[in-house]
Structures are given as C-alpha cells and as structure tokens.
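Report on the following structure.
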Amino acid sequence: MKVLITGHMGLIGSRFAKCLAENPRYELYGIDDLSGGLSENKTPEVTSFNFDLADQGKVNQAFEEIKPDYVYHFAAYAAEGLSPYIRNYNYTNNLLASVNVINACINNDVKKIIFTSSMAVMGHGNPPFKESDPVRPDDPYGNAKAAVETDLALAKKHFGLDYTIVRPHNVIGIGQNLFDRYRNVIGIFIRQLITGKVLTIYGDGNQKRAFSDVHYILDPLESLMEKGSGEIYNLGADTPYTINEVAEMVLEAGRAHGYSSKIVHLEERQEVKYAYCDHAKAKKDLGFYDATHIQYTIDEMIEWALELKFREVESIGYEVNKRMYSFWK
Ligand SMILES: NC(=O)c1ccc[n+]([C@@H]2O[C@H](COP(=O)([O-])OP(=O)(O)OC[C@H]3O[C@@H](n4cnc5c(N)ncnc54)[C@H](O)[C@@H]3O)[C@@H](O)[C@H]2O)c1
C-alpha cells in the first residue's frame, strides 16, 4: 500500500512516518521543502521528494510517479498569529498548495486524502469546540484551513474523492521545530531556556491551551485509511493549561539539566483567549485516548533538544507592517 505524507519532515509528519514505517505493508513516500521542518526528522524508510507544493507541475509529476493509494496532507505553515502579516505566504502554503494536492488526488484516483485542518477554523467560538460547531475563522490561517475543508467536501461531491479532516490542536513532542520565532510556544520556551534567554510570554499568560503529545494522535491517524469517510475529528488533550503554567513547567524541567531562566511578559497579542476542543467523537469512532502528561513530554523534548544542532532563528519578510507587535519588529 503506497502512502504519501506531505510535510514528512515536520512534527506530525515525521512522527507519523516513523509509526507507519514499523509496518512493512506500507510503502512510504514524502514531500517536503524543509521550509518548516527539520532535516533530523527524516525517516529512512520514506522515499523523499524535496520541493514546494505550491509548484503545480512538480506536484503532478510526483503524483504520477508515485501513484499513491492514500495521501496524508500535513504540509502547511502553521503560524496563526503571524498570518495577517503574511497573507500571500499563508494562502500560498496553506490553500494553494492544498488545492494542488487535491487536484492531483482526483487525477490519480487516490483512495483517500486525510487533511490536517486546525481548531483555528473555530475562531473565538464557544470552547470546548465540537466538530459540529459553526466555522468562523478569525485570521488568514484559520480561513485557509476552512477553505480547504470546504473544498474537500466539494471534491467529494464532484469527483467522489474520499477524505477525512482532522483538527489537531497544540501538538507537542520530539521533532517539533524549536527555531521558528513565530510559532510553537513550548518549543520557543525550550530554545530560550537552553540558549540562556528569558522566557517571553505575550500578555498576562492566562491564555489557555490543551497541549497534546503527538504520540497519542498517531494510531487514530492511521485508522483513518479505513474509517471516517467525509468526517471531521478533533484530536488532542482534554486538559487546558495556562501559558504561565507551561512556562513554569519548562523552567522546572530545565533545572534538572542545570538550566535556569525567568519569565518576562511582553505586549498582549491578538489571539483567542480560551481555545480547546471536545474529543468525544474521536473517542467513540476511532478509539482515541489521550494520556498526555505534559511535564513528561516537556522533559523528553528538552533531552532531545540538548542533542540537536542549533540553528539561527530567522525573521520572515512581512507583507504588511501595519500594527506589527513590538516583539516582532
Ligand atoms: N502542531 C500543531 O499543534 C497543529 C495544530 C493544528 C493543526 N496542525 C496542522 O497539522 C499539520 C502538521 O503540523 P506540524 O506541527 O507537523 O507542522 P510542521 O511545521 O512541523 O510540519 C509541516 C511540514 O510541512 C513542510 N511544508 C510547509 N509548507 C510546504 C510547502 N509549501 N511545500 C512542501 N512542504 C512544506 C515543512 O517544511 C514542514 O516539514 C499542519 O497542516 C498544521 O497546520 C498542527
């Protein structure tokens, strides 16, 4: 069975590839341009293609060569807070690239596409978010994900392309990019701690998120080759923590390795204050269970990070500079 994973050098893609690689029934392929992933995340069993999914010709060529049975489309640039300042980049990576993948799935008779959307499609909503709640994105990132969700339903209607949508949230674990200044709050805290910087929190730090260890979403993702036709599933942990609490956990884990730092609060960012999801549907249909022990995952990530080659943290070229936060100027 040929399985193609886009974004296989990223957190979810690499951990999922390693999970599938344990089963010889899968022939694995991956597409990634390394714009957001880590070269260390490469899974040896994956035949890898390195290009930008926004290039329609290359997407078509790769699909014709691979002829995948199943496609897991994980590739995206998931920097929600930054997305109003990089509209073009956001829609190119998260919408146009997805459209190229959907076209290629239709033209190559792919059995099913599994797409990672986001709870960002819910905007402020009414947490805990349910899959049936109205979609009201509040930023270009959520808007791109919402558009792909709708387009998948249309592709099924017009061409019979089977799909499942997953909305993971606040996924953490070994393999996460720690060197992006715009996303992955726990990854940023870990990098700041190890490089002797202060841990920076936007606003009062009372924002709440339910962080999920990537480990627990892998089996449910695999089961979607068989299950969940045309369905949407939230995947992630049930228990929300404040950003202040997780910053303290990173400091606590760092102490065991001789690292110390302090927390500094910066300008408040425009973001949803309380965002977490209901997972009853995934528990019922996919046997999903989450036993994330967030302090344990943070410890594990720090140990992994200490072995990692450290990179320069680069700024992205902003398309809009108006109302830019002081900390991103
Ligand atoms: N991690 C989370 O908390 C979370 C939450 C909700 C949704 N998601 C979604 O899950 C998916 C995977 O997330 P992740 O955390 O593994 O992200 P990630 O950034 O770790 O991985 C994404 C991978 O896609 C690649 N990529 C990005 N744009 C590309 C392009 N145009 N062409 C080719 N490759 C490209 C990157 O190089 C990277 O390796 C994304 O679609 C994301 O929006 C993630």
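Computed quantities for the displayed model
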| item | result |
| --- | --- |
| Residue in the stretch 263-282 that is open to solvent by 70 Å² or more (accessible area, probe 1.4 Å) and of a type in the set (Gly, Ala, Ser) present | no |
| Within the stretch 51-74, considering residues that are within 14 Å of the ligand (Cβ to nearest atom) and in contact (Cβ under 8 Å) with a residue 60 or more places away in the chain, the one farthest from the chain's Cα centre (by Cα) | Val71 |
| Residue ID - most open to solvent (accessible area, probe 1.4 Å), chosen from residues in the stretch 151-165 that are in contact (Cβ under 8 Å) with a residue 40 or more places away in the chain and in a loop (DSSP other than H, G, I, E, B) | Asp162 |
| So Pro44, is it assigned to a loop (DSSP other than H, G, I, E, B) and either within 9 Å of the ligand (Cβ to nearest atom) or open to solvent by 20 Å² or more (accessible area, probe 1.4 Å) (or both) | yes |
| Among residues of the stretch 111-122, those that are open to solvent by less than 10 Å² (accessible area, probe 1.4 Å) and more than 9 Å from the ligand (Cβ to nearest atom), counted | 5 |
| The one condition in (1) open to solvent by 10 Å² or more (accessible area, probe 1.4 Å); (2) within 12 Å of the ligand (Cβ to nearest atom) that Gly125 fails to fulfil | (2) |
| Boolean, Asn206 is open to solvent by 20 Å² or more (accessible area, probe 1.4 Å), in contact with a Gly (Cβ under 6 Å, 6 or more places away or on another chain) and either away from the ligand (no atom under 16 Å from the Cβ) or modelled with pLDDT of 95 or more (or both) | no |
| Members of the stretch 209-238 found to be assigned to a helix (DSSP H, G or I) and either open to solvent by 10 Å² or more (accessible area, probe 1.4 Å) or farther than 30 Å from His265 by Cβ (or both), listed by number | His215, Tyr216, Ile217, Leu218, Asp219, Pro220, Leu221, Glu222, Ser223 |
| Residue within the stretch 143-160 that is touching a Gly at 6+ places or on another chain (Cβ under 7 Å), within 15 Å of the ligand (Cβ to nearest atom) and either β-branched (Val, Ile, Thr) or more than 29 Å from Trp304 (Cα to Cα) (or both) present | no |
| Positions within the stretch 75-99 being assigned to a helix (DSSP H, G or I), open to solvent by 10 Å² or more (accessible area, probe 1.4 Å) and more than 9 Å from the ligand (Cβ to nearest atom), in sequence order | Pro84, Tyr85, Arg87, Asn88, Tyr89, Tyr91, Leu95, Val99 |
| Pair list, Cβ < 6 Å and 6+ apart or interchain, from the stretch 207-231 residues that are in contact (Cβ under 8 Å) with a residue 24 or more places away in the chain to residues that are assigned to a loop (DSSP other than H, G, I, E, B) and of a type in the set (Ser, Thr, Tyr) | Ala210/Thr239; Ala210/Tyr276; Ser212/Thr292; Asp213/Thr292 |
| Top-ranked residue in the stretch 14-37 [being under 20 Å from Ser98 (Cβ atoms) and in contact with a helix residue (DSSP H, G or I) (Cβ under 8 Å, 6 or more places away or on another chain); ranked as surrounded by the fewest Cβ atoms within 10 Å (Cβ to Cβ)] | Ser35 |
| Within the stretch 166-202, tally of residues that are open to solvent by less than 10 Å² (accessible area, probe 1.4 Å) and either over 15 Å from the mean Cα position of the chain (by Cα) or among the charged types (D, E, K, R) (or both) | 6 |
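To keep it simple, each residue is scored yes or no on (1) open to solvent by 40 Å² or more (accessible area, probe 1.4 Å); (2) within 30 Å of Thr239 (Cβ to Cβ); (3) not in a loop (DSSP other than H, G, I, E, B).
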| position | (1), (2), (3) |
| --- | --- |
| Thr297 | no, yes, yes |
| Trp304 | yes, yes, yes |
| Ile316 | yes, no, no |
| Met324 | no, no, no |
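The values are calculated or read from the model by the stated rules, or taken from the named source; none is laboratory data. Here the structure is a predicted model, which is why all the values come from computation and not from measurement. Virtual Cβ from ideal backbone geometry, glycine too; neighbours counted across all protein chains shown. Ligands, DNA and RNA are excluded from the accessible area calculation, which covers all protein heavy atoms including side chains. Shrake-Rupley method; radii C 1.70, N 1.55, O 1.52, S 1.80 Å.
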